Structure formats: structure tokens, C-alpha cells
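The values are calculated or read from the model by the stated rules, or taken from the named source; none is laboratory data. Here the structure is a predicted model, which means the values were calculated and not measured. Here the Cβ positions follow ideal geometry from the backbone for every residue, glycine too, while neighbour counts run over all protein chains shown.
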């Protein structure tokens with residue numbers, strides 16, 4: 001069945017089709033419609049889940065952790081300040097190996113107060129041990145929630161499904177809603193090997209001496225390393241059932257490209273316009289839209305970018321005192337690879353300033369006219 | 001066409017207290033927050049203290065916008081944390097009069113923990129809480145003040161939780177001054193704010209105000225005027241009422257008035273007394289007001 005829906009509702013449908021059993025959430029702009037629709041679904045039993053109206057995001061994640069440890073499939077959604085307030089508990093979910101799935105709407109961090117999009121909220125949580133999926137369409141949002149539950153539960157690692165504020169969260173698109181029975185086939189009920197139950201008492205998350213702590217973290221990393229292969233495998237399985245492949249990246253005309261734009265989120269689709277224009281004027285351009293950021297898909301990024309003569313990364317985020325964050329990571333991934341491909345790091349669209357085809361034209365013009373970047377950060381559209 | 005005679009632009013009576021470059025404000029027509037702001041500015045006008053020694057702190061939400069609109073030293077803090085920010089302001093500069101101006105969701109939902117501790121310590125500040133029974137800025141979700149049975153966007157079949165009674169909570173935690181009004185009681189709100197500004201210790205003034213766009217529309221309660229009519233018909237002034245009797249049921253009677261006005265040592269007074277006792281002459285008292 002096809003339905004026109006907003007990005008936020010695509011998250012709700014994803015959680016509903018995944019048969020989330022406990023949802024705990026606190027309202028924040030621009031996330032609210034996600035949980036409003038879920039609260040309706042829970043109330044009218046479209047979704048047989050407990051909906052907990054908590055008093056803060058910190059409590060929302062705490063409730064998800066509590067529910068998850070008993071073996072319930074749990075979902076929440078938040079944004080920016082709310083995600084930052086959860087920070088302590090993000091470590092708890094991943095350290096406790098609990099496969100909570102969360103929607104995060106990318107919104108800029110205050111102060112000054114902003115409700116518009118950039119990625120600094122989620123990227124500030126990159127080292128918390130959560131997987132991060134950056135989406136560019138409402139269809140991708142819905143599909144990714146279902147896949148995220150599968151990957152999360154297989155490896156006991158939580159996931160964040162991320163979408164841009166307003167440009168995706170509040171934008172309506174046609175979305176194909178997968179058949180519920182087929183989703184059940186794809187995503188069987190959550191059956192963790194360990195859970196909190198009176199039938200088989202265990203103590204969880206106690207004091208861990210230096211003798212054991214290190215190994216817990218080693219195991220989390222080792223399982224993170226298994227994620228890329230599992231995403232490709234579960235993505236193909238999804239394609240077999242629903243006709244849509246869910247991979248690590250979305251590469252557009254990259255095969256023979258000499259200049260590759262690296263993008264993420266909705267800007268990734270805007271970049272295609274620039275690529276098409278360049279192709280029209282005879283420049284071999286391509287766009288690598290990064291979908292999975294954590295774990296970083298080294299292999300596929302290296303394979304695609306190694307063939308290019310120049311790489312231009314467009315970041316809607318910044319690591320103050322360093323570069324754009326995707327640019328950092330792409331440079332790190334290309335270190336020691338064949339050749340010395342110049343990586344141009346652009347920053348655009350902070351605080352929700354639009355990233356338009358004209359922004360990408362500027363990116364491309366600069367990249368084509370320079371052999372190497374003049375600076376670590378090349379600013380697009382900033383009023384200096 | 002007759003030539004228009006030039007007239008001076010009419011001036012809003014509270015204009016001197018507003019940052020006019022931030023106007024128009026974002027509040028909906030029929031909203032009660034503006035009324036409370038007017039009462040507040042009126043109270044300031046009637047008070048004699050130096051406005052340079054007054055600071056306003058707001059959190060997040062519709063009422064959280066107050067700090068941005070009022071032309072005094074103001075601080076727009078994070079969600080739920082105006083009271084800790086205000087505590088820092090007050091303790092770093094005890095000469096300041098500190099007012100927290102925020103909503104029910106902000107102060108009693110995400111920030112509830114800070115409220116109970118500031119009241120327990122009798123921290124010297126005035127908290128003005130505009131209670132509109134829901135998280136309005138984000139679209140009318142259930143708040144800790146939402147009456148049982150009211151319909152909200154996260155309670156589409158009605159709210160089954162029990163709300164906080166704000167005066168009862170403040171009383172139990174040890175506040176020095178506690179009053180509740182609706183935004184129909186303009187002069188009484190003004191008077192309470194004046195009294196609270198002159199009061200040492202922790203004061204709470206709850207002002208019940210309509211959220212026409214969300215709470216009232218979802219519950220089909222009519223427009224701002226209908227809600228003021230409801231306040232008129234259903235609020236009962238009962239000064240000194242037992243705070244255990246102040247629950248607000250859905251569209252029920254509301255007991256309003258000044259419930260608590262008592263003397264308790266403030267945080268700084270307690271600290272100075274205790275430390276003087278412990279350290280004797282070695283202790284230099286901090287921030288004592290004349």
C-alpha cells in the first residue's frame with residue numbers, strides 16, 4: 001500500500017511495522033509527530049505496545065533501557081537538545097548491549113536557539129557505540145527502521161535512524177508501506193540470549209573491575225566490525241522481499257567518476273542535480289551519499305573513492321578546531337590507500353541554511369579549478 | 001481623498017518593558033501568557049526597587065519566550081533548567097532579584113527535580129509559572145499538569161495520569177510564598193508578583209492560562225473568551241486554603257488565592273548562620289542583604 005506521509009510518520013510506521021513493544025518518548029520540535037502518531041497507534045491497538053509519556057529525554061532512554069533488558073523491542077525518537085540530554089544513557093544502551101532503535105531528527109544545537117537542521121547533534125554522539133544511519137527520503141526512513149531492528153538485535157548494538165529537520169521530517173512523500181506479514185517474516189520476534197526475568201535471575205551492569213571491563217569494550221568493537229557485512233546481507237534480504245536494497249552507501253554515477261561529491265542526508269539528493277549538470281557539460285562527476293556513518297564503512301568508501309581524481313566532501317556539521325566531520329573520516333579512510341587523492345572539505349548549511357544546487361555548483365567550481373584545497377575548511381554560503 | 005492628519009503612533013502601555021525589535025511575538029491570539037507578562041510589568045512599575053538589579057530566566061516552551069521579549073537582563077536557558085541557572089545567578093550575585101518565568105511543562109516536567117530542591121533550600125527567587133495544562137510549543141502533548149480525562153495529542157483517548165497540584169507540591173517542599181490565579185485575575189496576579197518580589201525566600205505564583213490553539217481546540221472548549229468565562233464561573237478565591245485540597249479536575253472548580261506566606265530562613269541565611277556557628281569569627285558572611 002502506498003501512502004503520502006511526512007518523514008516523521010515514516011519513522012512511526014517503521015516502528016509500528018517492526019512491532020515495537022515499548023515506546024518511551026518526550027516531545028521536542030521537530031520530532032513530535034513521530035510519537036504523536038505512535039501514541040495513537042498504541043491507543044487504538046494498531047500497535048500492541050506500551051507507550052510511556054516520560055518527563056524528559058533522559059527518562060525516555062532510561063525507560064527504553066529498562067524495557068529492553070527484559071527482552072522487549074523498544075523504540076524512541078528525539079532531536080538535538082533531547083539527544084544531548086540522553087548522552088549518559090546512550091552509553092548505557094550500547095555498553096549494556098541493548099538493541100534500542102531511536103529516530104533522531106537532525107536539529108542544530110543551542111545556543112542561539114535553532115530548530116533547523118544540521119548534523120552536530122547526532123555526530124556529537126558518534127563515539128557512544130550506537131550505529132548511525134543517515135536517511136535521504138521518507139521511504140528510506142521507514143525501511144531503515146525495520147532493518148535497524150534486525151541488525152541491532154542480531155549484534156546487540158543500538159541504532160539511530162537519522163533524518164534532517166523539516167527538509168525531511170516535515171516533507172511529505174509517497175511511501176510504499178511494506179506488507180506486515182512480510183515484515184514479520186523479515187524481522188522475527190526479539191529473543192535476546194540474556195534478559196532480566198524472575199524465571200532465571202541475573203544481575204546486569206554491575207561494577208566491572210579493570211580485569212573485565214576492557215574485554216567488554218573489545219567485544220563491542222568486534223561486533224561493530226561485523227555490522228557492514230550484516231547490513232549488506234540484510235539489505236539484500238530486504239530487497240528480495242520488498243524490492244528495495246538497503247546498503248551502506250548510495251553511489252550515484254561513481255563508476256567512472258573523476259570527481260566524487262561525498263554527501264549525507266537530504267543534501268545527498270540535491271547533489272545529484274549538480275552531478276547531472278556536470279555530466280551534461282562533459283565532466284565525469286559522481287555522488288557518494290553516505291548512509292551508514294557508524295560503523296564507518298571503510299571498505300566500500302575506499303573502493304569507490306580510490307578511483308576518483310578528486311573528492312569533495314560536503315559537511316553539514318563541524319568539529320570545532322578540526323574539520324567537517326565526514327571530511328575527517330573520509331581522509332582517515334583514504335590514508336595509506338593507493339595514490340594521493342586530494343580531499344576537499346566543504347562546510348555548508350549549518351543551522352538550517354539551505355544547501356541548494358547552487359551550493360553544489362560552487363563546490364564543484366572550486367574543486368575543478370584547484371589542484372589541492374587552499375584550506376582545511378572551504379565555507380559555502382557563509383556571510384563573512 | 002482627504003489628506004490624513006499625522007497622528008503619533010499609539011504606544012502599547014508595556015512597550016517600555018519590551019524588546020520591540022522582537023515583536024510581533026509568537027503567542028497565539030487568545031493565549032494567556034501576554035496577560036501574565038502585562039501583570040509582571042505592571043508589578044515592576046509599581047515596585048520601587050532598581051530594575052538594573054533584576055534578572056529574568058526562562059526555560060523552553062511558549063512561556064519560555066518571555067525572557068526574550070522583556071527588556072531587562074534576561075537569560076533563555078535550556079529545557080527545564082531555568083531554576084538551576086537562576087540559582088547560579090543569585091548565588092554569584094546575591095544583590096540580584098531573580099525571577100524565573102516559564103511554563104508548567106518546563107518547570108514541573110523536565111525540570112521538576114530542580115523545583116523541589118530550590119523550594120526545599122528556600123532559594124531566594126520568584127517563580128512565575130504559566131500553567132496551560134499541556135506541552136504547547138511542541139503540539140499539545142500530555143504534561144505533568146494535564147487534568148485527568150483531558151484529551152491531548154499523546155493521549156488521544158484522554159489522559160489517565162494524575163496531575164501535579166503545583167501549590168501542594170511547593171508547600172510540601174518548603175516554599176515561603178505560594179499563590180495561584182488564573183489570567184483572568186489580572187490585578188491579583190500583579191499584587192501577588194509584587195508581594196513575591198518583596199518576599200525573602202522561594203515564591204511560586206501559578207497562573208492558569210488558556211492554550212486556545214491546542215488544549216482548548218482538542219477538547220472543544222472554545223476560544224479565549226470561553227475560557228475566561230470558564231475561569232470566571234469556576235474559580236473560587238480561598239486564601240489560606242489547605243494545599244491538599246487544590247487539585248484541578250478536568251473543567252472543574254479551581255481554588256485560587258494566596259495559600260502560603262511564611263517566614264523560613266533562606267539558603268544564604270541558613271548557610272551564614274550555620275557556618276558562623278561552626279567557624280566563629282573566622283567566617284565571613286556572604287551575600288547578606290540589609
Quiz item: Is it fair to say residue B:232 is more than 15 Å from residue B:175 (Cα to Cα) and not in a loop (DSSP other than H, G, I, E, B)?
Solution: yes
Quiz item: So which of A:104, A:48 is in contact with a strand residue (DSSP E or B) (Cβ under 9 Å, 6 or more places away or on another chain) and on the phi < 0 side of the Ramachandran plot?
Solution: A:104
Quiz item: Scanning region B:103-121 for residues that are crowded, with 24+ Cβ neighbours inside 10 Å and more than 14 Å from chain A (Cβ to nearest Cβ), which turns out farthest from residue B:199 (Cα to Cα)?
Solution: B:118
Exercise. Within region A:22-42, track down each residue that is touching a residue at least 24 places away in the same chain (Cβ under 8 Å), outside any loop (DSSP other than H, G, I, E, B), more than 7 Å from chain B (Cβ to nearest Cβ) and in contact with a strand residue (DSSP E or B) (Cβ under 8 Å, 6 or more places away or on another chain).
Key: A:22, A:23, A:24, A:25, A:33, A:34, A:38
Quiz item: In this structure, does residue B:67 turn out to be within 13 Å of chain A (Cβ to nearest Cβ), over 27 Å from residue A:60 (Cα atoms) and free of Cβ contacts under 8 Å to residues at least 40 places away in the same chain?
Solution: yes
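Taking residue A:210, is it closer than 20 Å to residue A:69 by Cβ, loosely packed, with under 10 Cβ neighbours inside 10 Å and free of Cβ contacts under 8 Å to residues at least 12 places away in the same chain?
On the way: closer than 20 Å to residue A:69 by Cβ: no; loosely packed, with under 10 Cβ neighbours inside 10 Å: yes; free of Cβ contacts under 8 Å to residues at least 12 places away in the same chain: yes.
When the stated conditions are applied, residue A:210 does not pass them.
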Quiz item: Of the residues that sit in region B:70-81 and are outside any loop (DSSP other than H, G, I, E, B) and away from chain A (no Cβ under 14 Å), which one is farthest from residue B:20 (Cα to Cα)?
Solution: B:73
Quiz item: Among the residues of region A:43-55, is there at least one that is within 14 Å of chain B (Cβ to nearest Cβ), under 22 Å from residue B:143 (Cα atoms), crowded, with 24+ Cβ neighbours inside 10 Å and in contact with a helix residue (DSSP H, G or I) (Cβ under 7 Å, 6 or more places away or on another chain)?
Solution: no
Quiz item: Of all residues in region A:68-95, how many are in contact with a strand residue (DSSP E or B) (Cβ under 7 Å, 6 or more places away or on another chain) and surrounded by fewer than 24 Cβ atoms within 10 Å (Cβ to Cβ)?
Solution: 1
Quiz prompt | Among (1) at pLDDT 95 or above; (2) more than 21 Å from the chain's Cα centre (by Cα) - the single one residue B:287 does not satisfy | solution = (1)
Quiz item: Of the residues that make up region A:261-277, is at least one touching a strand residue (DSSP E or B) at 6+ places or on another chain (Cβ under 6 Å) and more than 26 Å from residue A:141 (Cβ to Cβ)?
Solution: no
Quiz item: Among all residue pairs at least 6 apart or on different chains, which show Cβ distances below 8 Å where the first residue, located in region A:187-199, is in contact (Cβ under 8 Å) with a residue 12 or more places away in the chain and the second is exposed (fewer than 11 other Cβ atoms within 10 Å of the Cβ)?
Solution: A:196/A:202
Exercise. Count, please, the residues in region B:173-211 that happen to be touching a strand residue (DSSP E or B) at 6+ places or on another chain (Cβ under 6 Å) and part of a strand (DSSP E or B).
Key: 12
Practice problem: Test residue A:246 against the stated conditions and say whether it is in a loop (DSSP other than H, G, I, E, B), in contact with a helix residue (DSSP H, G or I) (Cβ under 8 Å, 6 or more places away or on another chain) and closer than 26 Å to residue A:93 by Cα. | Solution: yes
Practice problem: Select from region B:143-172 the residues that are over 27 Å from residue B:219 (Cα atoms) and touching a strand residue (DSSP E or B) at 6+ places or on another chain (Cβ under 8 Å) and write down the one among them that is nearest to the other protein chains (Cβ to nearest Cβ). | Solution: B:170
Quiz item: Quick check, is residue A:303 out of contact with any strand residue (DSSP E or B) (no Cβ under 8 Å at 6 or more places or on another chain), farther than 30 Å from residue A:97 by Cα and not assigned by TED's automatic domain parsing to the domain that holds residue A:183?
Solution: yes
